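Novice: Structure in structure tokens, see below.
All of the numbers you see were taken from the coordinates with simple rules; none came from a lab. This one's a predicted model, so the numbers in the text were calculated from it and none came from an experiment. Quick reminder, even Gly has a Cβ in these numbers, built from the backbone with ideal geometry, and neighbours come from all protein chains shown.
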Amino acid sequence: MKKTPLYLLFIFLMNHMYSQIGPNDANALLGVPVATDLTEINAILGPQIGSVVFNSDDEELYRYTGPSNGWQPVSSDAQDASEVPLVTNVDVNYDVSTGTGTTATTPPIVTESNVEQVVQAIAPITSKAGRVFFPPSIEIDVSTNGTGRTLDLYDQYLQQYSLSPAAIGGTAVETAVSTGAPATIPVYQNTELYYYVTYADPFIFDNISINEFGVMTYSVIGQPTNTNAIINVVFVVK
């Protein structure tokens, strides 16, 4: 019988701990220290690592992380790519010698475990496959010889990729867009590309040069014996 009061007190405390907070019980809430701005937070002397302060200026909680990084917003994620793990580790290594990805029977095998490792592994693939492209076909007048002629390769690329009305030989060229496709094609700036002429008919073209903005200077030294004269232009994304 003497233990009954203690038992009743224990029941009372348990009920009190798990009771809900009513609409008029704001004073029962736990709080954290409040500072007016980050300057006031940084002026705090000797904070313990893990201490939390509410900044009323930007309405963010700040946590003290130590002398090196100081106070950091709790909502921010200061992780870099090497600290972000993958849900499932994957092997995306690229075998430069064969031009293919590695397999379980093609050592060395390195299974990437975080975002940074994946980026580094796929960079050789994307840097080669995704950066090289041919500009649209263009017409160059080689009916007469001449030196110091110019052709803005970038402008030709921009005109056709912008789907603006064009004409070849005085005839309007039709354009079409697949269902659901955006009305515009993304294009690079002229300073974002490298320009190459990989082949030009040596009986037609001579003294070819290209400046950093994609303007090609050339000479015409002869006329084609048929209706075609070949010149290949390649763009590479920097």
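Novice: Given the peptides 113-119, 43-49, arrange them by the average over their residues of other C-beta atoms within 10 Å, most packed first.
Specialist: Per-residue mean Cβ counts within 10 Å order the peptides as 113-119, 43-49.
Novice: Rounded to the nearest 0.05, what FRET efficiency do residue 162 and residue 115 give with R0 = 45 Å and r taken as the Cβ-Cβ distance? Could you check?
Specialist: Efficiency, rounded to the nearest 0.05: 0.80.
Novice: Per 0.36 nm of contour for each residue apart, how much would the distance between residue 123 and residue 138 grow if the chain were fully extended, relative to their Cα-Cα spacing?
Specialist: 2.2 nm
Novice: Also: Please tell me the relative contact order of region 29-78 in percent, rounded to the nearest whole number, where contacts are Cα pairs under 8 Å and at least six residues apart.
Specialist: Computed over region 29-78, the figure is 29 percent.
Novice: Hey, another quick one. What is the spin-label model distance, in nm, from residue 152 to residue 68 if the labels are put 7 Å beyond Cα along the C-beta direction?
Specialist: It is 5.2 nm.
Novice: Now for a separate question. Count the net charge of all other residues whose Cβ sits under 9 Å from the Cβ of residue 74, scoring Lys and Arg as +1 and Asp and Glu as -1.
Specialist: Result for the neighbourhood of residue 74: 0.
Novice: Oh, and also: Run through all the Cα pairs of region 29-78 and give the fraction in each 5 Å bin from 0, expressed as whole percent.
Specialist: Pair shares across the bins are 5, 23, 36, 24, 11, 1, 0.
Novice: At residue 192 and residue 237, where each label point lies 7 Å from the Cα along Cα→Cβ, what is the point-to-point distance in nanometres?
Specialist: Result: 0.8 nm between the two label points.
Novice: Put a dot 7 Å past each Cα toward the Cβ at residue 215 and residue 52; how far apart are the dots in nm?
Specialist: 6.2
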